[in-house]
1. Determine if region 83-92 includes at least one residue that is more than 14 Å from ligand 1 (Cβ to nearest atom), part of a loop (DSSP other than H, G, I, E, B) and over 25 Å from Gly198 (Cβ atoms).
2. Among the residues of region 30-82, count how many are β-branched (Val, Ile, Thr) and either assigned to a loop (DSSP other than H, G, I, E, B) or closer than 18 Å to Met128 by Cβ (or both).
3. Considering each of Thr248, Thr189 in turn, give the residue that is within 14 Å of ligand 2 (Cβ to nearest atom) and at pLDDT below 95.
4. Conditions: (1) near ligand 1 (Cβ under 9 Å from one of its atoms); (2) of a type outside the set (A, V, I, L, M); (3) surrounded by fewer than 21 Cβ atoms within 10 Å (Cβ to Cβ). Cys32 meets all but one. Number of the miss?
5. Just give me the residues in region 110-150 being in a loop (DSSP other than H, G, I, E, B) and not hydrophobic (A, V, I, L, M, F, W, C), in sequence order.
6. Answer yes or no as to whether Ala219 is without any contact (Cβ under 8 Å) to a residue 60 or more places away in the chain, small (Gly, Ala, Ser) and crowded, with 17+ Cβ neighbours inside 10 Å.
7. Pairs needed: first member in region 138-150, more than 10 Å from ligand 2 (Cβ to nearest atom); second member anywhere, among the β-branched types (Val, Ile, Thr); C-beta distance under 8 Å; at least 6 residues apart or different chains.
Amino acid sequence: MRTVFITGASSGIGAACAAVLAREGKYRLLLCARRLQRLEELQQQLHEIAPQCETYIFELDVRNAEEVEQKLQQLPAEWQSIDVLLNNAGLSQGLDPIHRGDIGDWDRMIDTNVKGLLYVTRQVIPLMESSQAPHIINLGSIAGKEVYPNGNVYCATKHAVDALTQAMRIDLLEKGIKVTSVDPGMVETEFSEVRFKGDKERAKNVYQGLTPLSGIDIAEIIAFVLSRPAHVNINDLLVMPTAQASGTVVKRNT
Ligand code: NDP
Ligand code: 8X3
């Protein structure tokens, strides 16, 4: 059994990865997010769909370096060896031109998507020492490959994730840790609701008239990435809905 640690498992892509990997029967799941109640509900659902799958949940805000260090060092002994880190926790806040950007939004995105990913990775690498198949998968984005109007700081954080993925692959080569970036286009999750601060109508409009990707689509790709033999690493995987050609060019049914 490989132990997979998923950050941001309380919703969307993270929760879908937990469900898909639990069903595969080859993984134990270590799951964190800030909303503990959502994790408890997920743990219950996982128990119903895959009763054999061992899970451990804990509350964690990846932006807090001290909390990340403490909580990871204090994991129960049987969860202190990690094979796979899925750096999924992330968010977008606002969609404004740079001269009208909200500094609090910028801080939340940079602190979560870049600094949080770094804090978690720094603490997890020592926990991979005894793994036979260590692997880090970072959730990048089409926003890490191109920049679109008003995406400025979110795009910058995902470009940073792209750079960090490449840097990790170089620095961790000697340790035999595989490093992969999975970079989706539009995936319908709570992402747009978070970006538009609870405006459900505006969030729904993002996916109006097209079939977006689902969390499960991404989770199945991640399960495939994890299933490759030891000598094969998928470095970077960009995946879009068929109706999306670039960050902003989409075909909608009218
Ligand atoms: P969701 O909003 O549905 O999920 C985001 C997850 O991140 C939640 O579980 C949330 O949990 C967690 N999270 C956010 N902030 C923190 C924090 N400070 N500490 C710990 N966990 C945190 O969005 P998605 O599932 O879509 O997003 C997952 C990842 O995929 C993100 O990195 C996003 O940038 C990326 N992505 C998404 C795309 C999309 O179109 N949806 C496309 C490309 C990439 P909680 O609030 O409980 O802490
Ligand atoms: C999320 C996808 O296009 O909203 O990373 O930036 S997008």
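1. Yes; the residues of region 83-92 include at least one that is more than 14 Å from ligand 1 (Cβ to nearest atom), part of a loop (DSSP other than H, G, I, E, B) and over 25 Å from Gly198 (Cβ atoms).
2. Start the filter on region 30-82 by keeping residues that are β-branched (Val, Ile, Thr), which leaves 49, 55, 57, 62, 68, 82.
When the remaining residues are screened for being either assigned to a loop (DSSP other than H, G, I, E, B) or closer than 18 Å to Met128 by Cβ (or both), the result is 62, 68, 82.
Of the residues in region 30-82, 3 are β-branched (Val, Ile, Thr) and either assigned to a loop (DSSP other than H, G, I, E, B) or closer than 18 Å to Met128 by Cβ (or both).
3. On the way: Thr189 fails: at pLDDT below 95.
The match here is Thr248.
4. Condition not satisfied by Cys32: (3).
5. Glu129, Ser130, Ser131, Gln132, Pro134, Gly140, Ser141, Lys145, Glu146, Tyr148, Pro149, Asn150
6. Working: without any contact (Cβ under 8 Å) to a residue 60 or more places away in the chain: no; small (Gly, Ala, Ser): yes; crowded, with 17+ Cβ neighbours inside 10 Å: yes.
So Ala219 does not fit the description; no.
7. Asn138/Val161; Asn138/Thr165; Asn138/Val179; Asn138/Thr180; Asn138/Val182; Pro149/Thr248
The values are calculated or read from the model by the stated rules, or taken from the named source; none is laboratory data. For clarity, every value in this text was computed on a predicted model and none was experimentally measured. Cβ: placed from backbone, ideal geometry, glycine included. Neighbour counts: every protein chain shown.
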